[in-house]
Amino acid sequence: NKSQTEKLRSEARAAVERAANNLLEPDGNRRRIKPELWPSRSAVDHGVRGDMSEFDGVRYEEKEDHSGDVVERKFIDLVSSVMGRRMEVDERIFVIGEDIHKLRGGTNGATKGLIERFPDRIIGTPITEGGFAGLAGGVAADGHFRPVVEFMYADFVYVAADQVLNQIAKMRHMFGGDLPVPLVLRAKVAAKSGYGSQHSMDPSGLFTLFPGWRIVAPSTPYDYVGLMNSALLCEDPVLVVEHIDLYQSTGPAPLEDLDYFIPLGKAKVVRYGTDFTVLTSLAMVWPCVEMAEQASVGAEVIDLRTLDRASLDWETIGASVRKTNNVLIVEQGTQGTSFGGAIADELHRRFFDYLDQPVKRVVGGEAAPTISKVLDLAANASDDDILTGYEDILSDSGRMSRDAAE
């Protein structure tokens, strides 16, 4: 009624006046915010991401010193296995996305068997990335659940760009770091698959432009388990980049243990050498190793594993650069969404005095891949491009490959 409305209005005005009295002081014929209440300029980046204290006491393990049995297993089987394990021990986790509840685990089997075990927590959706990504962002911020969002293809992030890049990425910073946003976004790269321009991109470079996101890119089944466990524990939003070429590959993986972690921000040297350093990730890691063996060159190959700028492992990178004095960055995807240029810029700033030549890059073409098999392959960097990159960096450093020497 009218009296209740007036009472509420009066109480609201009184609350606003109390707040104003606490925040403001006279300034001539106006009022201003008390100077001591403004933050220091040094706090401009405060709260962009968390302090990782949630990882205190977790068990970090690498394949080389794993406490259990490590065997050869198919990559895609570990994708569903580790998610099932985490859902088993943490009832807050649910998965949401298109077709994840059917087709025997979605289009690639990444959620195979989960709908039978967790029928209320595997949520199939219409083709509405903006809707279910935004829903997941709100749920994560609420704090009661930990959503895992699957985009069937990484390119679909553009449909949900406002929610993913403008809201979820910035939410923690907007609330001064006090609002955890524990959300995992799984997105697969389908480069060289023939699926066309809207189904082929690597989203890593795009996401590096938005510092609220942490980004991981596992290249082996073993690393996938450890990095996914870390992503699901992290209180920041984490993009987990997966590659369709790796799904059916086999590699080292735990036989039973699915509870170890790999640190966010820790790269790994997968091949040692002294001629030059190769920085790469995801599906380009093993082609870089194989091409180094084929060309008999002393390439030191580093699997970056974590790709966001705040988490790049400059300690491991720096140790290699100081040894080899030459750096080649290898990416598969096209130039538009590449992040190699940003890494090269930082390398020059940090290690200029150790470099014998400018940082070199192998990257795809300018145009997006198309459904033409020939043009699809041409748009992405290939094994031949890696070999050419090796030859160029050796030539410009005054060295040559063993093949060339012979």
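Values quoted throughout were computed directly from the atomic coordinates according to the rules given, and no laboratory measurement underlies them. Just so it is clear, the model here is predicted, and its values are computed rather than measured. Virtual Cβ from ideal backbone geometry, glycine too; neighbours counted across all protein chains shown.
Less than 14 Å from a label point 7 Å out along the Cα-to-Cβ axis of Arg322: which backbone N atoms in the range 343-360 qualify, by residue?
350-355
Out of all DSSP beta bridges with both ends in the chain, state the antiparallel percent to the nearest 5.
Numbers: 13 of 46 bridges.
Within the chain, antiparallel bridges account for around 30 percent of the total.
How big is the dipole moment of the chain about its Cα centre under a simple scheme where the beta carbon of each Lys and Arg is +1, that of each Asp and Glu is -1, and everything else is neutral? Debye, nearest 20, please.
On the way: 44 positive and 62 negative charges, 359 e Å.
With only Lys, Arg, Asp and Glu charged at Cβ, the dipole is about 1720 debye.
Nearest 10 degrees, 0 to 90: what angle lies between the long axis of helix 221-233 and the longest principal axis of the chain (Cα atoms)?
For 221-233 against the chain, the angle is about 10 degrees.
Would you tally the net charge around Val16, using a Cβ to Cβ cut-off of less than 14 Å, leaving Val16 out, and scoring K and R as +1, D and E as -1? Write down the numbers at each step before the final one.
Working: positive: Arg9, Arg13, Arg18, Arg31; negative: Glu11, Glu17.
Net charge in that neighbourhood comes out at +2.
Taking other Cβ within 10 Å of each residue's Cβ, how do Lys7, Lys74 sort, fewest first? Don't jump to the answer; show the numbers that get you there.
Details: Lys7 11, Lys74 16.
With the sparsest Cβ surroundings first, the list reads Lys7, Lys74.
Can you show me the helix-derived [θ] at 222 nm for the chain, built from DSSP H runs with n ≥ 4 at -39,500 (n - 2.57) apiece and divided by the number of residues, rounded to the nearest 500. Could you put the intermediate results ahead of the total?
On the way: 14 runs with 141 residues, N = 406.
Taking each H run of at least 4 residues, the total per residue is -10000 deg cm²/dmol.
Going by the alpha-carbon gyration tensor, a ≥ b ≥ c the square roots of its eigenvalues, is the range 71-254 rounded (a/c under 1.5) or, if a/c is not under 1.5, prolate (a/b greater than b/c) versus oblate? Please report the intermediate quantities before stating the final value.
Values: a/c = 1.42, a/b = 1.23, b/c = 1.16.
Here the range 71-254 falls in the rounded category.
Give the order of Thr280, Thr220 when sorted by the count of other beta carbons within 10 angstrom, beginning with the fewest. Mind dumping the intermediate values first?
Details: Thr280 27, Thr220 24.
The fewest-first ordering by Cβ neighbours comes to Thr220, Thr280.
How much net charge surrounds Ala161 when only the other residues with a Cβ under 15 Å from the Cβ of Ala161 are counted, with Lys and Arg +1 and Asp and Glu -1?
Numbers: positive: Lys170; negative: Glu129, Asp155, Asp162.
Once all neighbours under 15 Å are counted, the net charge is -2.
Between Ala161 and Trp314, what length in nm is gained on full extension when 0.36 nm per residue of separation is reduced by their alpha carbon distance? Can you show the working numbers first?
Working: separation 153, 0.36 × 153 = 55.08 nm, distance 2.96 nm.
That works out to 52.1 nm of additional length.
Relative to the first principal axis of the alpha-carbon coordinates of the chain, what is the inclination of helix 383-396, with its axis defined by its Cα atoms, in degrees from 0 to 90 and to the nearest 10?
80 degrees
Calculate, for Leu103 and Ser42, the FRET efficiency according to 1/(1 + (r/R0)^6) with r their C-beta to C-beta distance and R0 60 Å; round to the nearest 0.05.
My answer for the efficiency is 0.70.
Report the one residue of Gly137, Phe156, Gly265 whose Cα lies farthest in the direction of the positive end of the charge dipole of the chain (charges on C-beta: Lys and Arg +1, Asp and Glu -1; origin at the Cα centre).
Gly137
Assigning unit charges at the beta carbon (Lys, Arg +1; Asp, Glu -1) and nothing else, what dipole magnitude in debye, to the nearest 20, does the range 133-279 show about its Cα centre?
Numbers: 10 positive and 15 negative charges, 52 e Å.
Charge dipole, the range 133-279, about its Cα centre: 240 debye, nearest 20.
Return the subset of Lys74/Lys268; Lys192/Lys373; Lys192/Lys360; Lys34/Lys170 for which the Cα-Cα distance in this structure is over 18 Å, preserving the input order.
Beyond 18 Å: Lys74/Lys268; Lys192/Lys360; Lys34/Lys170.
Neighbour counts of other C-beta atoms within 10 Å: give me Ile123, Ile386 arranged from fewest to most.
Details: Ile123 17, Ile386 25.
Ranked by crowding around the Cβ, least crowded first: Ile123, Ile386.
Output the 0 to 90 degree angle, nearest 10, between the alpha-carbon long axis of helix 75-89 and the longest principal axis computed from the alpha carbons of the chain.
Between helix and principal axis, roughly 30 degrees.
Report the label-to-label distance for Ile33 and Arg349 in nanometres (one decimal), using points 7 Å from each Cα along the Cα→Cβ vector.
Output for this residue pair reads 2.8 nm.
Give me the net charge of Thr274's neighbourhood, meaning all other residues with Cβ under 12 Å from the Cβ of Thr274; Lys, Arg count +1, Asp, Glu -1.
+2
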